[in-house]
Structures are given as structure tokens and as C-alpha cells.
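A short worksheet on the structure shown next.
The values are calculated or read from the model by the stated rules, or taken from the named source; none is laboratory data. All of these numbers come straight from a predicted model, not from anything done at the bench. Cβ sites come from the backbone with ideal geometry, for glycine too, and all protein chains shown count toward neighbours. To get the accessible areas, we keep the full protein, side chains included, count just its heavy atoms, and leave off ligands, DNA and RNA. Shrake-Rupley method; radii C 1.70, N 1.55, O 1.52, S 1.80 Å.
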Amino acid sequence: MTTTLKVDFHVHTRWSRDSLNQLPQLLQSAERRGLDRIVITDHNTIAGALAARQLAPERVIVGEEVLTTRGELLAAFVTEEVPKKLPPLEAIARLRAQGAFISVSHPFDRQRSGWALPDLLEIAPLVDAIEIFNARCYTAQQNLEAQQFAAEHHLPGTAGSDAHAPFEVGRALLALPAFDDPASLRAALPQARLFARRSLPLVHLLSFYARMTHKFRIR
């Protein structure tokens, strides 16, 4: 019998400057919600993901949300941190060189590093997936546009809560066959089922509070 995993592909920790997620509470939330895996995708760093993996090696996949000069990439199975504000093709090349799995963060969310269509079309042949549901998108239409783009370009989809607080974890997830590396993840994604609901826009106030807290307090 094939094991099915429930996976949230987009989760932040306090290592992101707009999140105050402490690792114990974050991991407890993931366990309570029945998540088998979470991909920790802090902004331009893998330090939080590495720390989380030490605490829960079976549940945590090391990832990174990489800000490029055009938009954000969402990577999993990252072994070497990719710096921010590289051109998209260079960032993708660095992720490919280490064998990472590459998705595209909330591509049509114009409030949060949305991609211009020409740039998205340029990278589409070079990535593994599109984030087709992000629970923090401001409108349902933004996720629908991502789903349509993925279908038109024959790309599978990832989904994530984009959690910046513990209560957000698991609001968007995929249930898919078991995988343990980028290759088996690529093979499993076409069979994935989406379970998701958007968070209230008020969650963005938590990120504003987190940024102010980080600004005036040394971690």
C-alpha cells in the first residue's frame, strides 16, 4: 500500500524577518494538524530550516524562499543557501546545481513579489512546479490564476500556508504519495490532492508586527 503524506510546502520561522514562529510551537502545530512533512522556507536563509530539522528530522524538509530581481522562488531540498536579489536565471541555476526542487512563490499575488508575465514565461520551462495555492494570497483570483498558468504550461502545483504564525500552519497542503528526495517528489506531485483555505487578510498585520519586533530587538 502506498503511503500518503500530508505536506505544507511553505512555512516560515523566526529566521524570517516577518515571522515570529518559534520552532517548538511551530512543530507542535504541524503535529496537531496531522502534517507528515513541512517545508521550511525562510526568506533567503536556510538557518531556521536546519535548526528545525535537528528537532524533527522526519518532519522537516529544508527549503528557502529566494527573492530574485523579478519575483520569489520557493525551493525544497536545499543544501546551500542562495543569496537574494540575483537574476532569476542565476538563482535557478544555483538551485539546480545542488539538486533542489524549484517552485514559484505566489506568482500572481501583486501585493507580494508577484511575477510579471514575461518573466514568469521565461522561467516556466526551468522550474519543477508553480505554487497553485498560497493561503496568504489576498484574493481567491490570485490562486486561480496560478492554477490556470500551471495547467496551461503542464506544470504540477505545490500548496502552502505561507505560515508566519503557528495557527496558520496547515491551512493549505497537498496529500501525495510518499517521497524522500527531489526526484521522487517530482514523480509524486501529479497524483497530489489539494486541501486548502485562505487565511484572513488580518494575518498580514502579524507580519508587520514581526518586522517591527525584529527591527527593535536582537534575536
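The figures follow:
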| quantity | calculated |
| --- | --- |
| Sole exception among (1) on the phi < 0 side of the Ramachandran plot; (2) open to solvent by less than 20 Å² (accessible area, probe 1.4 Å); (3) not hydrophobic (A, V, I, L, M, F, W, C) for G170, by number | (1) |
| Residue satisfying condition, being within 15 Å of V39 (Cα to Cα) and among the hydrophobic types (A, V, I, L, M, F, W, C), within set A93, A76, A97 | A76 |
| Flag for A129 being aliphatic (A, V, I, L, M), free of Cβ contacts under 8 Å to residues at least 24 places away in the same chain and open to solvent by less than 10 Å² (accessible area, probe 1.4 Å) | no |
| Lone qualifier among D18, D109, D42, D36 - being under 12 Å from the mean Cα position of the chain (by Cα) and not aliphatic (A, V, I, L, M) | D42 |
| Members of the range 1-41 that are assigned to a loop (DSSP other than H, G, I, E, B), open to solvent by less than 50 Å² (accessible area, probe 1.4 Å) and either within 16 Å of P177 (Cα to Cα) or without any contact (Cβ under 8 Å) to a residue 24 or more places away in the chain (or both) | G34, L35 |
| Residues satisfying the stated conditions in the range 102-125, i.e. without any contact (Cβ under 8 Å) to a residue 40 or more places away in the chain, open to solvent by less than 20 Å² (accessible area, probe 1.4 Å) and assigned to a loop (DSSP other than H, G, I, E, B) | D109 |
| Flag if A49 is assigned to a helix (DSSP H, G or I), open to solvent by less than 10 Å² (accessible area, probe 1.4 Å) and under 13 Å from L173 (Cβ atoms) | no |
